[in-house]
1. Can you tell me what the convex hull of the Cα atoms of the stretch 425-477 projects to on average, as an area in nm²?
2. Given a Förster distance of 51 Å, report the FRET efficiency between Asn300 and Gln148 from their Cβ-Cβ distance, rounded to the nearest 0.05.
3. Tally Lys and Arg at +1 and Asp and Glu at -1 over the other residues with C-beta under 14 Å from the C-beta of Ala90: what net charge comes out?
4. For the stretch 259-410, what's the relative contact order in percent, using C-alpha pairs closer than 8 Å and at least 6 residues apart?
5. Rounded to the nearest 0.05, what FRET efficiency do Ser345 and Val276 give with R0 = 51 Å and r taken as the Cβ-Cβ distance? Could you check?
6. Working from the pairwise distances between different alpha carbons, so that the mean of 1/r is found and then inverted, what is the stretch 259-410's Kirkwood radius in Å?
7. Using Cα pairs under 8 angstrom and six or more residues apart, how large is the relative contact order of the chain, in percent?
8. Once phi is turned into θ = phi - 60°, what whole-Hz ³J(HN,Hα) does the Karplus curve with 6.51, -1.76 and 1.60 give for every residue of the stretch 396-409, x standing for Gly and Pro?
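Nothing in this text is a laboratory measurement; each read-out follows from the coordinates by a stated rule. On a predicted model such as this, the values are computed, not experimentally measured, just so you know. Note that we place each Cβ from the backbone using ideal geometry, even for glycine, and neighbour counts take in every protein chain shown.
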Amino acid sequence: MAKRWCRLRGEAWAACLGLCGAALALLAVLLVRAYVLAPRPPPDPRLWGRRAALGFELSARDRQELKEALRGAIKIQTVSFSPEDQNTTALAEFGNYIKKVFPAVFSTKFIQHEIIGGYSHLFTVQGSDPQLMPYMLLAHMDVVPASQEGWHVPPFSAKELDGFIYGRGTVDNKNSAIGILQALEFLLRRDYRPRRSFYIGIGHDEEVSGHKGAMKIAALLKTRGVKLSFLLDEGSVILDGFLVGIKNPVAVIAITEKGSITANFSVEKEQGHSSVPPKETSIGILAAALSRLEQNPMPNLFGREPEIMILEHLASEFRFPLNLVMTNLWLFSPIVSRIFEQKPSTNALIRTTTAITMFNAGIKSNVIPPSAKATVNFRIHPSQKVEEVLEIVKNTIADDRVKIHLQEAFDPLPVSPWDNHVFGVQIIQRTLLDVFPDVSNVAPGICIGNTDSRHFTNLTAAIYRFNPLVFKPDDLPRVHGLNERISIEGYEKQVEFLYQLIQNSDINKLPEPHANSHELLSKRNGERSSY
């Protein structure tokens, strides 16, 4: 018995030691991935050498002009209700306004201006070196509707309050449309002539598909044989305080955007009197079907596409122990994906979303309605296609009485290249770190909305979506929501970013990524020396 007991104890100790060894080995793997194999921050801009020749120094008069140019644009009510219902008077007024506010842009001989689709604007800025492949800056002037209710100030007043300009379009997307032209205006006044040609596109119907504006601009450029080195449009932002465990602001550059389905759902039934109601009405049938869609969300697809790249690239920014988790998503992804599901802003990254946006039914209080109609918008995760989402929708509703008619549908956009050897990536990163020294890292991500850039995939594979603004958590609901605003300081930084990006793009050959660039970047906050 004693020998048997000793043998059992020995086997237990061996098993225990084996488990401890396995745990230590796993811990070693986690630590190696966290501190050795984690993706590093982008190259420090000091590795490029000196700054752009024309610095961004603004006089008090420049600052006033910059602010008032944006405020004037916000006051023009360029509202898009639908592709067939736009405020065309305001769109035409916007065109006249930019001619008045940016005289150098419209009078410079090497800049060609064209009106496309009636109201959109295309600028061709001819560089001095035709051998350099051009790039494009994209924005849009139209905005979504806004009523007075719930706003601190009238939504088209452009009122200045506590260092902010309030109004519809301040961040989506007149800030970019006016900011691009403002940056170019300042450069032209300083006798700037670019080496690399570039295009500026300002669409007039982005909020309702972009078919009359951006799509026509892209088609025109294609007929001219234009190929772009990269395209920069609105999209992601600099995030400050969004991610638990990350202290400093981090920039996310969207390298793809979700697809979209806008579908009309309808149910037809016989009309009757409310005193003898049927067992089910058209409203009840449709409401039940839509409820099933809400109660059964699309599958969680965390880890399938670029949303995981955000965490991998930012892993080194997280404090312990979160850095272990983010660098070892092969182990912890089930936990992280469940956490992402808890908030709408992160839930949108990991699945195709379902939003019931319109519901119409009924003609009189005592009449059984003959029909009920609703509109649902799906934003498609990059790992899915339109056909797959529609099949899930039909299976979830499981009612042939509910008819589905597609209003618009398109697949997610291709994923743009992301590494330090890509021209557009280096230019955007370098400019970003020049202008926003507090940004500790730059990561690729997904644009959960849709932009005009989707119409330009035939002109370049390098499409990047980034609005150079610092967003705090309470800023996100303002986009398409109440009290949309931009800080005056933040807008000045956006114009500076565009001013520097245009100059940085004139480089002929990219520098080789530096092996120890992350070490320089990690010291940057303590070494604000010029270069």
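1. Numbers: hull surface 18.9 nm².
Answer in nm², one decimal: 4.7.
2. Values: r = 39 Å, r/R0 = 0.77.
In this case the efficiency is close to 0.85.
3. Working: positive: Lys75, Arg168, Lys174; negative: Asp85, Glu93, Asp142, Asp205, Glu207.
Net charge around Ala90: -2.
4. Numbers: 234 pairs, mean separation 72.9, N = 152.
Reported as a whole number, the value is 48 percent.
5. On the way: r = 48 Å, r/R0 = 0.94.
Working from the Cβ atoms, E equals 0.60.
6. Working: mean 1/r = 0.0565 Å⁻¹.
That comes to 17.7 Å for the stretch 259-410.
7. Values: 980 pairs, mean separation 131.4, N = 531.
Reported relative contact order: 25 percent.
8. 6, 5, 6, 8, 5, 6, 8, 8, 10, 10, 6, 8, 7, 7
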